[in-house]
1. Picking from 69, 153, 77, which residue would you name as being modelled with pLDDT of 95 or more and over 29 Å from residue 217 (Cα atoms)?
2. With respect to residue 289, is the statement that it is open to solvent by 20 Å² or more (accessible area, probe 1.4 Å), under 18 Å from residue 42 (Cα atoms) and among the aliphatic types (A, V, I, L, M) true?
3. Are there any pairs with C-beta distances below 8 angstrom linking a residue in the range 206-218 that is under 12 Å from residue 186 (Cα atoms) to a residue that is part of a loop (DSSP other than H, G, I, E, B) and at pLDDT 95 or above, with the two at least 6 apart or on different chains, and if so which?
4. Find all pairs meeting these conditions: Cβ atoms under 8 angstrom apart; at least six residues apart or on different chains; first residue within the range 131-143 and closer than 20 Å to residue 226 by Cα; second residue crowded, with 19+ Cβ neighbours inside 10 Å and of a type in the set (Phe, Trp, Tyr).
5. Would you mention how many residues in the range 52-76 are in contact with a Phe, Trp or Tyr (Cβ under 8 Å, 6 or more places away or on another chain) and in a helix (DSSP H, G or I)?
6. For the range 55-64, indicate whether the set of residues that are surrounded by fewer than 18 Cβ atoms within 10 Å (Cβ to Cβ) and either among the charged types (D, E, K, R) or closer than 20 Å to residue 293 by Cβ (or both) is non-empty.
7. What pairs can you find where one residue is in the range 255-267 and touching a residue at least 40 places away in the same chain (Cβ under 8 Å), the other is open to solvent by 50 Å² or more (accessible area, probe 1.4 Å), and their Cβ atoms are less than 6 Å apart, with a gap of 6+ or different chains?
8. Could you check, for the range 6-27, whether at least one of its residues is modelled with pLDDT of 90 or more, over 22 Å from the mean Cα position of the chain (by Cα) and closer than 23 Å to residue 88 by Cα?
Amino acid sequence: MHYQLLPENRLAAMMAELVGVKVAAATIARMSRTCAERLRGFAQTVRDLVAGAPVKHMDETGFRIGGKTQWLHVASTAWLTFYRVCAKRGSLLVNVAGIVVHDHWKPYYTMQGVLHALCNAHHLRELKALVEIEKEEWARKMQRLLRRACHATNRARERGVSLKPRLIECFERRYDAILAEGLVFHEAQAPLVRAAIKGGGKRRGRAPRRTGHNLLLRLATRKQDTLRFLHDATVPFTNNQAERDGRMMKLRQKISGGFRSLEGAMDFALIRSFFSTARKQGWNIIDALTRDPSNFAKSLRLS
């Protein structure tokens, strides 16, 4: 149920057909709770290791629990995965150090004592839309620049060397020039008209901006976070690690439609933290489940 994502009724039917044992839903839930309790210490160790890792990936996604949308948070590295369920989307992991790779969700910038690296796969998707729909030339140039910078860093990483400072300076100068071109373009556009409100009053706040203008301002304000991968070989170009780690969790929701209780969702997140980490560590799942989790916690590979 937790690894192959079978719903409870299909799991019960499989057990009856394969081994002739009828298992009630309450029994399955009790077994899940027992397993989760066994793995709680292991998951806490993984949580602390991810929080203290030099570079970690974070993401969040909606999770249906008891008919309501709550939130699943993912914090992971190439070797470790930690999932947790929260009622509020903004309930972030605490005591985090190092570099956090994310998709520019603003609450991540409230985390204290960390550096940030933005997901450039998200930037490339936004730039693609601006090129294909809005026909903005600066976006095409920025798209090409980010791809070339990614290729250069990948080649350097494969050779085990750092990018040459002169090449980094070249990328950054080009980055600034493209931003300047884009800002000139948008500042020359006619202002957007504010949407009318009932009663004929005036809307408060700043004037609305076009999508491309907002992206330009983000890339300018968060230049260091966008280009951190150029300066630090341990920082990836994208946040794909966290997105991949969250994919199977969403598949569970797609298959079974969500969870009936918060406790069941939390047990699932805890057990999946163990399974995902075990796969990254190269452990046999059945063997790992039958051993003392504390022994595995001591032998975790971190890099």
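The values are calculated or read from the model by the stated rules, or taken from the named source; none is laboratory data. In this text, all values refer to a predicted model and were calculated from it rather than measured experimentally. Neighbour counts run over all protein chains shown; Cβ positions are idealised from the backbone, glycine included. Ligands, DNA and RNA are stripped out before the accessible areas are found, and what is left, the full protein with its side chains, is counted by its heavy atoms. Shrake-Rupley method; radii C 1.70, N 1.55, O 1.52, S 1.80 Å.
1. Of 69, 153, 77, the one residue that is modelled with pLDDT of 95 or more and over 29 Å from residue 217 (Cα atoms) is 77.
2. yes
3. Taking only residues 6 or more apart or on different chains, the pairs are 212/136.
4. Listed by first residue and then by second, the contacts come to 142/175.
5. Here is the first cut: in the range 52-76, the residues in contact with a Phe, Trp or Tyr (Cβ under 8 Å, 6 or more places away or on another chain) are 58, 60-66, 69-76.
Right, trim to in a helix (DSSP H, G or I) and you get none.
Qualifying residue count, the range 52-76: 0.
6. Taking every residue of the range 55-64 in turn, at least one turns out to be surrounded by fewer than 18 Cβ atoms within 10 Å (Cβ to Cβ) and either among the charged types (D, E, K, R) or closer than 20 Å to residue 293 by Cβ (or both).
7. 258/64; 267/33
8. no
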